[in-house]
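The values are calculated or read from the model by the stated rules, or taken from the named source; none is laboratory data. Just so it is clear, the structure is predicted and the values come from calculations on it, not from any experiment. Here the Cβ is made from the backbone with ideal geometry for all residues, glycine too, and neighbour counts use every protein chain on show. Ligands, DNA and RNA are stripped out before the accessible areas are found, and what is left, the full protein with its side chains, is counted by its heavy atoms. Shrake-Rupley method; radii C 1.70, N 1.55, O 1.52, S 1.80 Å.
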Amino acid sequence: MTAAPADAARARATPAPPPAEGRLLREAVRRGRGPAALVLAATALGAAAAVALPLALGRAVDLLIARADAGSWVLLCTALIATEVATDALVARTGGRTGAATTAWLRRRALAGFLAAPPAATTGTGLPTRLTANALDAGTAPVAAATAAAAGLAPLGGLAGLFLVDPWAGAAFVCGVPLLLLILRALLRDGRAALTTYQEEQGRMARLLTGALSGAATIAAAGTVRAEERRVLAPLAGMRAAGERTWRVQGRAVGLSGALMPLLVAAVLAVGGVRLVAGHLTPGDLLALSRYAVLAAGAGALAGALNGWVRAKAGTARVETVTALPPTSHGTRDLPPHGDGTLALHGVHVTRDGVPLLDSVTLTLPGGTTTALVGPSGSGKSLLAAVAGRLTDPDQGTVLLDGTDLRTLSADALRHAVAYAFERPALFGATIADAVACGPLPEPDLRRALRRAAADTFTDRLPHGPRTPLPEAPLSGGELQRLGLARAFTRPTRLLILDDATSSLDTVTAHLVARALTDTPGTRLTITHRLTTAAQSDQVVWLDGGRIRGTGPHSVLWRDPAYRAVFGAGAGGDAGAGADTVTDTGARRRSDVRTDVSSDVRTELPTDMRTDLHTGIRTDPRVDTGTGAAE
């Protein structure tokens, strides 16, 4: 295995220590500390007003009974009630705005972490659920922390008021406090565990549903709708159990506190009534005691505040699994200015779950050439393509582009040097043009890329041409692949990697794209199952079981029956080795047939499936000539 250069070794990322659990929660609370402080202050002010109100009411009642002037006390009661209402409104408004802002920040953090991580590290993260329901719960963290911290102010003030008015009444209430604390402790302990389980099962079902939706046509064609329903809904049992446990915990806490609080209030009023009859309290004092007992009984509301904090913590923990993904590390170097795109892999080894998927792969792709990567399904072709452009890093070995280790390149240098096109490209943006350009792109360059991918004619037929919104542009598999190819053609690169990116193209369109690829500067690596593509390449790399089984011209490899079997050809096939060539359909044709397809070929095609040979676009919109699938 070839050793990595010294600068490459220095550029390798040192594994960062895992982030401390709860770091994202602390960041979220710290980010919203201003609004949270406002909520805390408003809640404290409201609690102070609520605590002062019973004394003012009691004094006003005593003065009114004595037929004295109580106007100032009535005004004070009015002001205190208005303060409570105003602070409640302020808390609600600030809480809503802060929750929305924190949720948006968390979603941006999670999405950035997801996109910065290597694709292999993001498998099974359940991103949609974490970006929606979990982030929504986590976004309440700043306000939930302030609310939970202030939730005890009014009950404590009420308890202090009880002792201030009459210590015996306060003592009667205190007798039930230990039981209330036990109830709240059980809520915190059991509620979080149940809620975490529920969110995990929810994420699992979301992943299954996403996969089923992406394969809806396959499910319908196979007639397995009922089986898929059972598979997707299987987590419902776990969700139901966790949900029932959550509600049982909350219900038990609310029920017990709800039963305990009235008993405590009744005890306070009973003691107060006895003290009133004995002449130790006034009617106003008894009214104040009743109000303070209700405030102190509000300790049961702590259950709701603490439950909100538990939900925020659980949601943040789920989002943190995405934000804490280790990002792909990049160096600071750029490529040599006049390189020709030579790609070299030395001793590349990739293991997943203890299974070697690529084993000691060493090969060179000369600059400016086209290399076809072939092999049976599961041989590691897509993984090798991902390693070649650093969508993932090998566990061992190096990948050099023009003599420079890809790990030492800056992110901009890497992505400007390497372009990809995939079998099922994903289109992002508002319009076709946005999806192809992936950023600012002059109109002539956009048109040129569409033309080279044989996509310009069908995009020009759309209602608004390339500016047609994506939802208004239904695309066949072949048209989607052509847009993915156009995206790869939008900028000059040193290395162009096609991961089975022409599999859905009809034969004529594939020929036009192949001709455009030949004119593309730089080096081309294409995964293919097409025999003609392999035959027209400068070299073929034959991959089998994660190892290179053969490298060389197609005509030489074709002599091996096992190589011919990759394309489904018989053991006696001779295509590629001599004058005859086997086409994708297995039919023989002479190798000296002209490759510059001319207009006279049009007469050889069926009338209802004629193709514009200059664009590769069929004139019959009903049939994709590459797949035979109705659009």
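For region 199-250, the relative contact order comes to 51 percent (Cα pairs under 8 Å, sequence separation of at least 6).
Hey, what's region 50-185 come to in accessible area per residue, 1.4 Å probe, Å²?
Spelled out: the 1.4 Å probe surface of region 50-185, per residue, equals 49 Å².
Distances between placed amide hydrogens fall under 5 Å for Leu427 paired with no residue 5 or more residues away or on another chain. For region 314-430, count all C-alpha to C-alpha pairs, find those more than 19 Å apart, and express that count as a whole percent of the total. Tail fraction, whole percent: 56. Packing, taken as the mean count of other beta carbons within 10 Å per residue, orders the peptides 229-238, 105-114, 531-540, 89-98 from highest to lowest as 531-540, 105-114, 89-98, 229-238. Scattering from region 96-136 was approximated by placing one identical point on each alpha carbon and applying the Debye formula without solvent; log10 I(q)/I(0) at 0.17, 0.21, 0.25 1/Å stands at -0.46, -0.64, -0.82. Annotation: amide H-H contacts under 5 Å for Arg352 (H modelled 1.01 Å from N, sequence separation of 5 or more, or interchain): Leu357. Which residues' amide hydrogens lie under 5 Å from the amide hydrogen of Leu373, considering only partners 5 or more residues apart or on another chain, with H built in the peptide plane? The answer is Thr526, Ile527, Thr528, Val541.
From most to least packed by mean Cβ count within 10 Å, the peptides 435-443, 52-60, 337-345, 165-173 give 52-60, 165-173, 337-345, 435-443.
Here the alpha carbons of region 114-178 define both size measures, Rg and Dmax, at 22.9, 68 Å. Rounded, prolate or oblate: pick one for region 402-512, where a ≥ b ≥ c are the square roots of the eigenvalues of its C-alpha gyration tensor, a/c under 1.5 means rounded, and failing that, prolate if a/b is larger than b/c, else oblate. Prolate. I need the shape label for region 343-405. Rule: rounded when a/c is under 1.5, else prolate if a/b > b/c, else oblate, with a, b, c from the alpha carbon gyration tensor. Cα axes put region 343-405 in the oblate bin. Rolling a 1.4 angstrom probe over region 385-424 with all protein chains present gives an accessible area of which 49% lies on carbon and sulfur atoms. With a 1.4 Å probe and every protein chain left in place, work out the accessible area per residue of region 332-455 in Å², rounded to a whole number. On a per-residue basis, region 332-455 sits at 42 Å². Just so you know, the averaged projected area of the alpha carbon convex hull for region 454-527 sits at 5.0 nm².
In vacuo Debye scattering of region 27-66, one point per C-alpha: log10 I(q)/I(0) at q = 0.17, 0.19, 0.23 Å⁻¹? Values returned for q = 0.17, 0.19, 0.23 Å⁻¹ are -0.57, -0.63, -0.73. Centre-to-centre separation between the Cα atoms of region 329-384 and those of region 41-89: 77 Å.
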